[in-house]
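The values are calculated or read from the model by the stated rules, or taken from the named source; none is laboratory data. As the structure is a computational prediction, the values presented were derived from the model and not from experiment. Reconstructed Cβ throughout: ideal geometry from the backbone, glycine too, with neighbour counts over all protein chains shown.
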Amino acid sequence: MKHVRILFAAALTLSAAGNAYSQAPSPQLTYVLKQLDTASAKFQRATADFQWDYYEKIVHDTTTQKGSIYFERNKGATDMGAIVVDPNAGPKTKPIKVIQYDAGIVQMFDTGVDQLTVIHQTNNQAEIESFLTLGFGGSGTDLVRAWNITDMGPETLTDNGQPVKVEKLDLVGKDADARKNFTHITVWVDPTHAVSLKQIFYTTSGDYRTATYTNIKVNGNVHKDQFAIKKDKNTTVVNH
């Protein structure tokens, strides 16, 4: 779990405690979960632009990062790549971080110090993917397996100025270790495409991290060269 925490701190730095409970899903939640099952079966990949905002309670400050991300289903597993850029820089600036998750291995490349951190997470692959697929490609069955779910009702968000009907779900991890990282997570999911437009991760310290996704494209092309980690002979590699 230490490395799971590192992953999400890094990914989101680049990304009231809930009680575990079990209850019968409402008819609306059952319908949404079935929609997610159907959409997930058709999901192959997705790309999006993101904004990650991190509120730190102790200093009452919010830090913002922006970038692009992709998710791809590969033989039942989920791969992910993200590039993080300075939100105040121009559109073609060099990424400040590049993140990849593939075959249970996380790689995080900090371009500023030319350092590649590699986290081998074979034992926790299913747990990591339960977070990765929260918004992109995950099925209703996946959600029920890992989370206790409260349906907070339908809402309408926008993507590139277009209205998108979403379901607001609040999630509490069924695993006690997962709740040590995030007391609960709120997601706004488009169940017809198995994608998420917004997520808020609440931590035990009172900090919270908001992820907003726009320009979402499902089952289009992914130009993976844009997400490539470009190390050289001078790159420092740190393994965990």
Complete set of residues in region 150-165 that are hydrophobic (A, V, I, L, M, F, W, C) and either modelled with pLDDT under 95 or outside any strand (DSSP E or B) (or both):
none
Would you point out the residue of region 132-141, among those that are surrounded by fewer than 23 Cβ atoms within 10 Å (Cβ to Cβ) and within 17 Å of Ile200 (Cβ to Cβ), that is modelled with the lowest pLDDT?
Leu132
Of the residues Lys224, Lys174, Lys217, which single one is surrounded by 12 or more Cβ atoms within 10 Å (Cβ to Cβ), of a type outside the set (S, T, N, Q) and under 19 Å from Trp52 (Cα atoms)?
Lys217
Just to be sure I understand, how many residues within region 83-130 are modelled with pLDDT of 90 or more, closer than 25 Å to Arg179 by Cα and of a type in the set (A, V, I, L, M)?
3
What is the number of the single condition among (1) of a type in the set (Asp, Glu); (2) modelled with pLDDT of 90 or more; (3) in contact with an Asp or Glu (Cβ under 8 Å, 6 or more places away or on another chain) that Asp61 does not meet?
(3)
Some residue of region 69-89 being surrounded by fewer than 18 Cβ atoms within 10 Å (Cβ to Cβ), hydrophobic (A, V, I, L, M, F, W, C) and more than 25 Å from Lys42 (Cα to Cα)
yes
The listed residue being modelled with pLDDT of 95 or more and over 30 Å from Lys92 (Cβ atoms), out of Thr212, Thr192
Thr192
Out of Lys198, Lys217, Lys168, I need the residue that is in a strand (DSSP E or B) and closer than 16 Å to Ala39 by Cβ. Which one?
Lys217
Test each condition in (1) surrounded by 18 or more Cβ atoms within 10 Å (Cβ to Cβ); (2) touching a helix residue (DSSP H, G or I) at 6+ places or on another chain (Cβ under 8 Å); (3) modelled with pLDDT of 90 or more for Val144 and report the one that comes out false.
(1)
Matching residues, region 179-214, being small (Gly, Ala, Ser) and buried (at least 21 other Cβ atoms within 10 Å of the Cβ):
Ala194, Ser196, Ala211
So the check is Cβ under 9 Å with 6+ separation or different chains; which pairs have a first residue in region 92-121 that's acidic (Asp, Glu) and a second one that's surrounded by fewer than 17 Cβ atoms within 10 Å (Cβ to Cβ) and not in a strand (DSSP E or B)?
Asp114/Lys231; Asp114/Asp232; Asp114/Asn234; Asp114/Thr235
